[in-house]
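Working notes, structure below.
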Amino acid sequence: MNNKIAPVPVLLVLTGLFLSTPALAQTSEASSDKADANQAHSARAYSERGADTCLKCHDEDSKFPVYSIFKTKHAVRADKRTPFAKLQCETCHGPIGEHGKMVLHKGEKRAAIINFGLKSAVPVTQQNAICQDCHGGGRINWKGSNHEAVDVACASCHKIHAPRDPVLVKYEQPEVCYQCHKQQRADFYKPSVHPVRFGVMTCSQCHNVHGAVTASLLARPTLNQTCYGCHPEKRGPFLWEHAPVAENCALCHFPHGSIQPALLIKRPPWLCQQCHSQAGHPSIALTPAGLPSGTPSGLLLSGACTNCHSQVHGSNHPSGVKLMR
Ligand code: HEC
Ligand code: HEC
Ligand code: HEC
Ligand code: HEC
Ligand code: HEC
Ligand code: HEC
Ligand code: HEC
Ligand code: HEC
Ligand code: HEC
Ligand code: HEC
């Protein structure tokens, strides 16, 4: 094999070798992406024996054992779309070049090879481009997303060599996010929470972390639609709607967690009195000073306004106009 040969032809030739069915070779667009991604390594050649070349050194005793990757979907050779049906390890790690040199001279450093994650010397956009060669479309709207904008690597969330990628496991996913989102960890340990810490829910049920049309990367087009997915009874339609409910659940609830019951941002009556005047009927503050008699009304204690206005999300009762039934 000629080591000086340009990367694109090498890629195509070898893809042909491994697949022995040229129809499955990558599209020319994908190949040219790869050519860009590998530009820095353009003078290098792919190995002739694929993974076997790497496994000579990267066995279970090495500094970086890698066998676990054979238990992942990427290693399913029968699936023609996978890296292992193509250039194997080098589909992701790029051509081996001098990295696989068996004997190093005294003091000679082993030539680098593409690595992933934060410790890698390869720029994040270039790392991600390798993954996007295959994962460019579908549900992954990476371009322009919050995470792309701050250069988060695919490999910061995904563990490609792990037989079970933690970010895809319900009860392990939050820890992956908490590495960077410390405030959200604190929120999810408050007394009233969505049951994420019990492994019942994941962040990704509400967030589409690869990119979304909404602020906060929500899974659905609006905040309320995200909530209706699991709380459909709050969608209505109601005969007597409560305006803020239809507008935005977050006017009253912290979706992650709160020290108030029911994820509320404040307790009634204060919650309600952000918008409703204290003047008039029982809509008065909870303190004795707020009452003409100077003694607090029992009806304002505990459930406060919701003792009477129990249908805060809307009512379908013919006389539910004041949200009381
Ligand atoms: C001749 C032995 C040898 C072969 C063959 C070999 N490697 Fe390595 N590789 C090493 C050693 C040794 C290290 C550790 C280097 C160090 O710590 O400086 C390493 C490190 C790595 C790293 C981590 C690099 C980093 O920046 O931390 C990756 C990724 C890697 N190898 C991938 C591969 C792949 C993929 C192949 C096959 C295409 C391969 N290696 C073939 C010996 C080898
Ligand atoms: C689908 C892309 C992909 C394939 C295929 C792949 N790797 Fe990796 N490799 C990665 C990513 C991403 C990382 C960063 C750590 C992680 O995600 O687990 C990595 C990390 C490594 C490391 C360094 C581990 C460390 O702790 O820094 C070595 C060595 C390595 N791979 C070797 C191999 C070998 C050998 C093969 C083939 C048997 C292979 N890789 C196949 C994507 C891949
Ligand atoms: C050569 C094409 C190719 C490359 C390059 C590639 N993948 Fe994949 N990946 C696949 C295929 C094919 C599947 C299996 C899809 C399926 O089963 O539906 C897959 C599956 C996955 C899955 C789902 C695993 C699971 O258990 O469900 C994740 C996550 C993933 N890839 C991330 C990555 C990341 C991150 C990179 C870059 C480090 C990468 N892939 C590089 C082709 C590729
Ligand atoms: C912020 C963390 C994070 C980053 C960064 C990230 N992912 Fe993911 N990825 C996830 C989560 C969480 C899921 C599970 C989604 C679900 O359950 O709906 C997932 C699922 C996947 C899947 C399998 C399911 C699917 O939607 O097809 C693939 C493939 C994948 N990611 C590829 C990538 C690639 C490629 C990148 C980089 C461009 C990337 N991911 C970056 C968190 C991340
Ligand atoms: C029940 C749905 C839901 C779950 C589960 C959820 N989020 Fe959120 N998250 C939201 C909503 C809704 C917003 C937007 C809040 C707003 O705009 O007022 C948000 C906002 C965010 C923000 C932006 C800053 C902030 O706090 O407002 C981050 C970061 C975030 N979520 C991370 C996470 C992480 C990490 C997890 C998992 C540990 C998670 N979320 C789980 C619904 C959820
Ligand atoms: C490597 C660090 C890192 C990891 C891991 C990570 N994120 Fe992020 N994420 C960021 C950064 C940085 C931002 C942009 C700054 C910000 O808004 O906090 C961001 C932004 C977000 C936003 C948008 C916040 C907003 O204000 O609009 C959400 C939602 C989010 N991340 C959720 C998640 C979820 C869910 C996970 C786990 C599946 C996760 N992130 C994993 C670093 C990370
Ligand atoms: C993926 C499903 C899911 C989504 C999406 C979802 N929730 Fe929930 N919600 C739950 C579960 C599960 C519970 C816990 C029920 C229990 O503990 O009995 C819950 C409980 C609640 C509670 C009551 C908490 C308590 O302590 O009584 C409130 C309030 C709530 N959710 C509001 C929201 C809001 C607002 C949104 C949208 C930002 C939302 N939910 C999105 C599943 C979801
Ligand atoms: C005007 C403030 C307000 C708005 C807006 C609001 N809620 Fe509530 N929500 C409350 C109050 C107050 C409670 C506690 C009820 C109680 O103590 O009986 C509550 C309780 C809940 C509960 C738990 C008890 C139950 O009724 O199931 C869920 C779930 C819930 N809200 C979901 C939502 C969703 C989803 C939205 C948006 C569509 C929303 N809320 C909008 C005030 C509000
Ligand atoms: C974010 C502002 C906001 C909050 C918080 C709020 N409301 Fe409202 N509420 C409104 C608006 C706007 C209307 C519609 C007023 C109208 O149509 O004239 C309304 C209507 C009502 C009505 C029906 C009034 C009528 O004339 O038919 C009742 C009763 C009510 N709210 C009770 C409550 C209670 C109880 C709470 C606390 C749990 C609360 N509201 C919290 C904004 C709010
Ligand atoms: C003792 C039961 C009771 C309590 C407690 C109560 N309300 Fe009412 N509220 C009523 C009744 C009855 C009406 C209907 C008055 C009418 O039709 O003239 C009403 C009407 C309203 C209206 C409609 C405006 C109006 O004057 O018709 C609003 C808004 C309202 N209440 C908000 C609140 C808020 C906010 C609280 C808590 C601070 C609260 N209420 C506590 C019984 C109560």
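Residues that are away from ligand 4 (no atom under 16 Å from the Cβ) and farther than 26 Å from Gly314 by Cα: does the stretch 239-251 have at least one?
The answer is no, given that none of the residues of the stretch 239-251 is away from ligand 4 (no atom under 16 Å from the Cβ) and farther than 26 Å from Gly314 by Cα.
Looking for something more than 16 Å from ligand 7 (Cβ to nearest atom), touching a Lys or Arg at 6+ places or on another chain (Cβ under 6 Å) and closer than 28 Å to Ile259 by Cα - is there at least one such residue anywhere in the stretch 158-165?
no
In the stretch 166-179, which residue that is more than 15 Å from ligand 2 (Cβ to nearest atom) and without any contact (Cβ under 8 Å) to a residue 12 or more places away in the chain is farthest from Val152 (Cα to Cα)?
Top of the filtered list is Glu175.
Taking the stretch 132-162 on its own, how many of its residues are in contact (Cβ under 8 Å) with a residue 12 or more places away in the chain and either more than 20 Å from Gln173 (Cβ to Cβ) or of a type in the set (Phe, Trp, Tyr) (or both)?
The number of residues fulfilling the criteria is 7.
Residues of the stretch 49-93 being within 15 Å of ligand 4 (Cβ to nearest atom), in a helix (DSSP H, G or I) and not hydrophobic (A, V, I, L, M, F, W, C), which ones?
Lys73, His74, Pro83, Thr91
Checking the condition within 16 Å of ligand 8 (Cβ to nearest atom), surrounded by fewer than 15 Cβ atoms within 10 Å (Cβ to Cβ) and in a loop (DSSP other than H, G, I, E, B), which residue from Pro195, Pro163 passes?
Pro195
Where a number appears in this text, it was derived from the coordinates with a stated rule and is not lab data. Because the structure is a prediction, the values reported are computed rather than measured. Every residue, glycine as well, gets a Cβ built from its backbone with ideal geometry; the counts of neighbours run over all protein chains shown.
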